[in-house]
Ligand SMILES: Cc1cc2nc3c(=O)[nH]c(=O)nc-3n(C[C@H](O)[C@H](O)[C@H](O)COP(=O)(O)OP(=O)(O)OC[C@H]3O[C@@H](n4cnc5c(N)ncnc54)[C@H](O)[C@@H]3O)c2cc1C
């Protein structure tokens, strides 16, 4: 049976309200005189002030202050290969579609773009055959056993919650060219959503130079203090 190509979808479902203000106030609290009213101080901060304070604390790598903001994403149309890499990031919460309980008849799958250069037809034939075998096996055993036939390419859905500190770390590793194309694409979409929402919390995170698909490292971004990249480009992928 012909399948539709699966496309990645990344949504920002929710985040801490006014995340930059909360984190900035938390940072200021660490140095504020005793007599100041916290809420008054928090409500009174201008954007320029928050930019300076957060810029300074992040430059100092005082990153625990951005743990007070969390972000929840919904992702679909990504492979199990991607989510295997994703869930290695432990300081996060995940809820993923189960292959034990969900019957994935005629499953959809991700085709690596490099297969366009050759091998796509064979790859798709294998997927079709696996899908048929999986569907047949479902007549005999529960999905939790039939799933042993499912490939890494099989698509999945996942809800991810990370705080901004973990997201900064995740972006540094997974926007990097050493990371695989699929997780890089997802990380880029998550990064763009975070930058639209709370750019002050993500200052200094390594970023793409759009045209070339390369990025500056945190160390290249003047005054960010984001630190050096710790993924060698020759690192073997999971
Ligand atoms: C390009 C690339 C290639 C990779 N290739 C492989 C591979 O071939 N094989 C493989 O197994 N993995 C591989 N990985 C996964 C990698 O080793 C990490 O498991 C993954 O990137 C999660 O990173 P993390 O542990 O820093 O993140 P998190 O688990 O989110 O942790 C965040 C930070 O918290 C701290 N932390 C968390 N848990 C602990 C702990 N138990 N003890 C001490 N500190 C902790 C660390 O400072 C850590 O950096 C690869 C990753 C990348 C980016």
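Data overview
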{"quantity": "Enumerated helices (runs of 4 or more DSSP H) restricted to region 133-212, each holding at least 2 residues that are within 16 Å of the ligand (Cβ to nearest atom)", "calculated": "164-174, 181-197"}
{"quantity": "Any hit, region 88-97, residues being farther than 30 Å from residue 23 by Cα and either at pLDDT below 95 or away from the ligand (no atom under 13 Å from the Cβ) (or both)", "calculated": "yes"}
{"quantity": "Subset of region 29-68 [surrounded by fewer than 12 Cβ atoms within 10 Å (Cβ to Cβ) and in contact (Cβ under 8 Å) with a residue 60 or more places away in the chain]", "calculated": "60, 61"}
{"quantity": "Test: residue in region 92-113 that is exposed (fewer than 12 other Cβ atoms within 10 Å of the Cβ), touching a residue at least 40 places away in the same chain (Cβ under 8 Å), more than 16 Å from the chain's Cα centre (by Cα) and not in a loop (DSSP other than H, G, I, E, B)", "calculated": "yes"}
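The values are calculated or read from the model by the stated rules, or taken from the named source; none is laboratory data. Only a predicted model underlies this, so the values are computations on that prediction, with no experimental measurement involved. No Cβ is skipped: glycine too gets one built from the backbone with ideal geometry, and neighbour counts run over all protein chains shown.
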